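So the structure is just underneath, and the comments pick up after that.
The values are calculated or read from the model by the stated rules, or taken from the named source; none is laboratory data. Fair warning: this is a prediction, and the values are worked out from it, not measured in the lab. Cβ placement follows ideal geometry from the backbone for every residue including glycine, while neighbour counts extend to all protein chains displayed.
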Amino acid sequence: MLDLQRLASRIHNCFDCDLSQSRTKAVPGEGPKDADLMLIGEGPGFNEDQQSRPFVGAAGQYLDELLSTINMNRESVFITNMVKCRPPNNRDPLPGEIEACNKYVNEQIQIVQPKVIVTLGRHSLGKFLPGETIGKVHGKPTQIGDLIVYPIYHPAAALRRHSLRLVIESDFQLIPSLLKGDIEKEQTDDHKSQQLSVFE
């Protein structure tokens with residue numbers, strides 16, 4: 001039986017990759033099991049590793065601000081990351097580490113069954129639209145199976161590059177319409193063929 005609490009317990013006790021050796025706490029993710037919106041980032045940072053909660057540092061505070069601009073808050077969305085343990089020194093997660101956690105991300109999607117998945121940054125983008133670049137596809141929703149996948153820059157990128165703030169804030173404004181099903185989605189033949197492989 002699919003259950004978020006049981007899944008979180010498995011993640012806390014997971015030793016499938018080397019990240020488990022250096023973590024303080026695993027960070028499964030959080031949010032209601034019936035959330036319409038799921039946000040998938042890259043991996044936990046220092047604060048997340050300490051608190052076992054996603055997006056609680058500076059990028060998380062900015063994410064809270066972004067959600068407030070569309071009259072939402074983190075209690076109404078499901079937030080998680082591609083990897084559930086902090087990569088040392090906040091380096092990028094390695095392909096093997098992403099692969100080790102992929103099953104957990106898939107199960108979270110199956111349990112929550114969101115209407116829209118917002119990928120925050122290039123690592124979660126790569127799961128759904130491999131080969132695409134965030135600079136090219138951000139702000140462009142794509143239908144993959146029953147899901148709408150909506151790529152956006154990672155909030156941390158806007159903290160590093162102030163010029164991205166307007167881009168991210170503008171892209172966020174489309175989310176309410178996507179949740180209502182009011183926006184035309186792209187669905188290319190390539191993306192249709194990916195539907196079966198995304199959740200393997």
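If the condition is being closer than 21 Å to residue 117 by Cβ and surrounded by fewer than 19 Cβ atoms within 10 Å (Cβ to Cβ), then the range 1-29 contributes 2, 3, 4, 7. The criterion of at least 3 residues that are within 19 Å of residue 54 (Cβ to Cβ) is met by the following helices (runs of 4 or more DSSP H) wholly inside the range 125-176: 155-160. Hey, any hits in the range 36-47 for a residue that's over 30 Å from residue 180 (Cβ atoms), among the polar types (S, T, N, Q) and out of contact with any Gly (no Cβ under 7 Å at 6 or more places or on another chain)? Within the range 36-47 (the criterion being over 30 Å from residue 180 (Cβ atoms), among the polar types (S, T, N, Q) and out of contact with any Gly (no Cβ under 7 Å at 6 or more places or on another chain)), the answer is no, since none of the residues qualifies. Kindly provide the set of residues from the range 100-124 that are outside any helix (DSSP H, G or I) and touching a strand residue (DSSP E or B) at 6+ places or on another chain (Cβ under 8 Å), ordered by number. If the condition is that a residue be outside any helix (DSSP H, G or I) and touching a strand residue (DSSP E or B) at 6+ places or on another chain (Cβ under 8 Å), then 114, 115, 116, 117, 118, 119, 120, 121 are the ones that fit. Residue check: is residue 84 touching a residue at least 12 places away in the same chain (Cβ under 8 Å), of a type in the set (Lys, Arg) and not in a helix (DSSP H, G or I)? Spelling it out, residue 84 is indeed touching a residue at least 12 places away in the same chain (Cβ under 8 Å), of a type in the set (Lys, Arg) and not in a helix (DSSP H, G or I). Would you call residue 40 touching a residue at least 40 places away in the same chain (Cβ under 8 Å), in a helix (DSSP H, G or I) and among the β-branched types (Val, Ile, Thr)? No, not satisfied. Taking residue 26 as the residue in question, decide whether it is among the hydrophobic types (A, V, I, L, M, F, W, C) and assigned to a helix (DSSP H, G or I). Here the answer is no, as residue 26 does not meet what is asked.
Restricting attention to the range 165-200, the residues being of a type in the set (A, V, I, L, M), modelled with pLDDT under 95 and surrounded by 17 or more Cβ atoms within 10 Å (Cβ to Cβ) number 1.
Among the candidates 60, 126, the residue that is farther than 19 Å from residue 19 by Cα, among the small types (Gly, Ala, Ser) and without any contact (Cβ under 8 Å) to a residue 40 or more places away in the chain is uniquely 126.
Matching residues to (1) surrounded by fewer than 19 Cβ atoms within 10 Å (Cβ to Cβ); (2) of a type in the set (Val, Ile, Thr):
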residue	(1), (2)
31	no, no
58	yes, no
64	yes, no
106	yes, no
116	no, yes
119	no, yes
136	yes, no
139	yes, no
